[in-house]
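As structure tokens, the structure follows; a few thoughts come after it.
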Number of protein chains: 2
Amino acid sequence: MSKLVNMNLKLFLNELASSSPAPGGGSTAALAGALGAALSSMVCNLTIDKQGYEAVQHDIHEMRTQSEQLRKQLTELIDKDTEAFNEVMKALKMPKETDEQKEKRRTAMQTAFKHAADVPLTTARTCVQLMDIARVVAEKGNKNSISDAAVSALMAQAGVQAAILNVRINLGSIKDTTYTQHISTEIQTLLQTAMEKTSDILGIVEQSL
Amino acid sequence: MSKLVNMNLKLFLNELASSSPAPGGGSTAALAGALGAALSSMVCNLTIDKQGYEAVQHDIHEMRTQSEQLRKQLTELIDKDTEAFNEVMKALKMPKETDEQKEKRRTAMQTAFKHAADVPLTTARTCVQLMDIARVVAEKGNKNSISDAAVSALMAQAGVQAAILNVRINLGSIKDTTYTQHISTEIQTLLQTAMEKTSDILGIVEQSL
């Protein structure tokens, strides 16, 4: 299959809706984050060199650099999530006749499930980072585009929530309890942080609307 | 500009991040909804003709028809939102030398702002409709894809919240208070309904995870 990010929106939506389980919620989470990052960048671009925003130029330039970096990462995670899912499917289809084959398959599956949990975990972490940018953009960016700063945060929030569900789905198949306990704790923290940050940003926007 | 839905994901994200104010949060809201609809359709497709799901085939077929209909509408709203914004920009640039020109411009702007509020309002309404489908899909669909039903609801929720912000931004420029009061009441109801429905769906999914 060609890279998802090279598909047009219509085709990507068709692919998502199809009976193939990937792309699914994990790639969608990464796309939601990438959309959020693009919106923070847009507000920066609409603030740079604009009259009345002289005092924030340095900060906004810095925010644009950061949001473009996160957009790049989140865009890559769209395909990475589907690739990780396909690796799980590949491991599942490995032969399991002999004891040796069974052991090899078991190891491959555990590795694949861990990777399939790690990818949306990275998506969730990256979306939380994006919220710090969206906050500065909401506070200091062009007031005509303040709703776009809020939508940036909302997309990042949906990205975190969706990504975490995809982490949890995979945790259920991982036997390494040290790993699963560690990740479980991190996703709880990420989710709570994301909710607080989003609510904070929406509060800032509410004052300006 | 060519249609947004014919752009590949990378190019659409570039266009969104650019210094052009459209596409912005409104088109993103519609895309979030379309992604949500596609995921509900995917879970239906992964449930149809599957062993163990014989009893729900009729309902799931019905849900797929409905989610595909909503996906079509939400996909169209991606471009409609940007077109509506461009109409506002066009009206703003109309000549305003003579009294007649001023009056003509004023009328065109009011029409354009109402349309620019109506489009995201339709997005919000459609995303709320999608939640009723996501709920049935979460309850009756393939349990292996239950996280995708949840992500469907999360994308619909982000779509509602983002669309409503875009309605509100435009309401501020509309002089017809009968219209603005009517819409303000509706968006409050839509937002509350969306939050309740999403929380309900996430609760169902939580029991199965």
**Request:** Could you tell me the distance between the Cα centroids of the stretch B:29-91 and the stretch A:1-50, to the nearest Å?
**Result:** 16
**Fill in**
Computed ³J(HN,Hα) along the stretch A:41-49: with the Karplus parameters 6.51/-1.76/1.60, θ = phi - 60°, integer Hz and x for glycine or proline, the list is 4, 4, 4, 4, 4, 7, 10, 5, 6
**Request:** Please name whichever of A:Leu4, A:Asn142, A:Val43 sits farthest to the positive end of the charge dipole of chain A, dipole taken about the Cα centre and charges placed at Cβ: Lys and Arg +1, Asp and Glu -1.
**Result:** A:Leu4
**Complete:** Karplus-derived 3J(HN,Hα) from phi for the stretch B:115-127 (6.51 cos²θ - 1.76 cosθ + 1.60, θ = phi - 60°), whole Hz, x at Gly and Pro, runs 5, 5, 8, 5, 5, x, 4, 4, 4, 4, 4, 5, 5
**Complete:** With R₀ set to 51 angstrom, the calculated FRET efficiency between the beta-carbons of B:Lys143 and B:Gln101, to the nearest 0.05, is 0.20
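What's the local net charge at A:Met89, with K and R +1, D and E -1, over the other residues with C-beta under 14 Å away?
Details: positive: A:Lys90, A:Lys93, A:Arg105; negative: A:Asp81, A:Glu83, A:Glu87.
Every neighbour counted, the sum reads 0.
Normalised by the empirical 2.2 N^0.38 Å for globular proteins, what value does the Cα Rg of the stretch B:24-208 take?
1.21
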**Request:** Would you mind pulling out the separation of the Cα centroids of the stretch B:163-209 and the stretch A:157-188, in Å?
**Result:** 30
**Prompt:** Pairing the Cα long axis of helix B:177-208 with the longest principal axis of chain B, what angle in degrees results, from 0 to 90 and rounded to the nearest 10?
**Reply:** 20
**Prompt:** Which values of log₁₀ I(q)/I(0), to two decimal places, follow from the Debye formula for the protein assembly as shown at q = 0.13 Å⁻¹ with a uniform point scatterer at every Cα?
**Reply:** -1.06
**Asked** Taking K and R as +1 and D and E as -1, what net charge do the other residues with C-beta under 11 Å from the C-beta of B:Arg105 add up to?
**Response** +2
**Prompt:** Taking a probe of 1.4 angstrom, what is the accessible area of B:Asp176 in Å², to the nearest 10?
**Reply:** 60
**Item:** Positive-end residue, the stretch A:107-209 charge dipole about Cα centroid, Cβ charges, pick of A:Val151, A:Gln192, A:Gln110
**Value:** A:Gln110
**Prompt:** From the phi of every residue in the stretch B:136-145, what ³J(HN,Hα) in whole Hz does the Karplus formula 6.51 cos²θ - 1.76 cosθ + 1.60 yield, where θ is phi - 60° and glycine or proline is x?
**Reply:** 4, 5, 5, 6, 10, x, 3, 5, 5, 10
**Message:** Using a 1.4 Å probe on the protein heavy atoms only, what accessible surface does A:Met89 show? Give it in Å² to the nearest 10.
**Reply:** 60
**Item:** Candidates B:Lys143, B:Lys72, B:Lys175, ranked by Gaussian network fluctuation over chain B, Cα under 10 Å, top entry
**Value:** B:Lys175
**Item:** Shielding score for A:21-28, defined as the mean number of other chain Cβ atoms within 10 Å
**Value:** 6
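For the stretch B:12-67, report the convex hull volume of the alpha-carbon atoms normalised per residue, in Å³, without decimals. Let's see the in-between values first.
Numbers: hull volume 4.3 nm³, N = 56.
About 78 Å³ per residue, rounded to a whole number.
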**Fill in**
The size of the Cβ-based charge dipole (Lys, Arg +1; Asp, Glu -1) of the protein assembly as shown about the Cα centre, to the nearest 20 debye, is 420
**Request:** Place the label 7 angstrom along Cα→C-beta at A:Ser2 and in each other copy, then list the distances from the first to the rest in nm, shortest first.
**Result:** 1.1
**Chain B, closest residue to the rotation axis toward A, by beta-carbon, whole angstrom** = B:Ala158, 2
**Request:** For an R0 of 41 angstrom, estimate the FRET efficiency from the Cβ-Cβ distance between B:Met89 and B:His58 and round to the nearest 0.05.
**Result:** 0.30
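Under 13 Å from the Cβ of A:Ala116, count the other residues' Cβ atoms, weight Lys and Arg +1, Asp and Glu -1, and hand me the total.
Working: positive: A:Lys80, A:Lys90, A:Lys114, A:Arg168; negative: A:Asp81, A:Glu83, A:Glu87, A:Asp118.
Its environment carries a net charge of 0.
The values are calculated or read from the model by the stated rules, or taken from the named source; none is laboratory data. Keep in mind that what you see is a predicted model, and the values were worked out from it rather than measured. Methodologically, a virtual Cβ is constructed for each residue, glycine included, from the backbone with ideal geometry; neighbour enumeration extends over all protein chains shown. Only protein heavy atoms, including side chains, enter the accessible area calculation; ligands, DNA and RNA are left aside. Shrake-Rupley method; radii C 1.70, N 1.55, O 1.52, S 1.80 Å.
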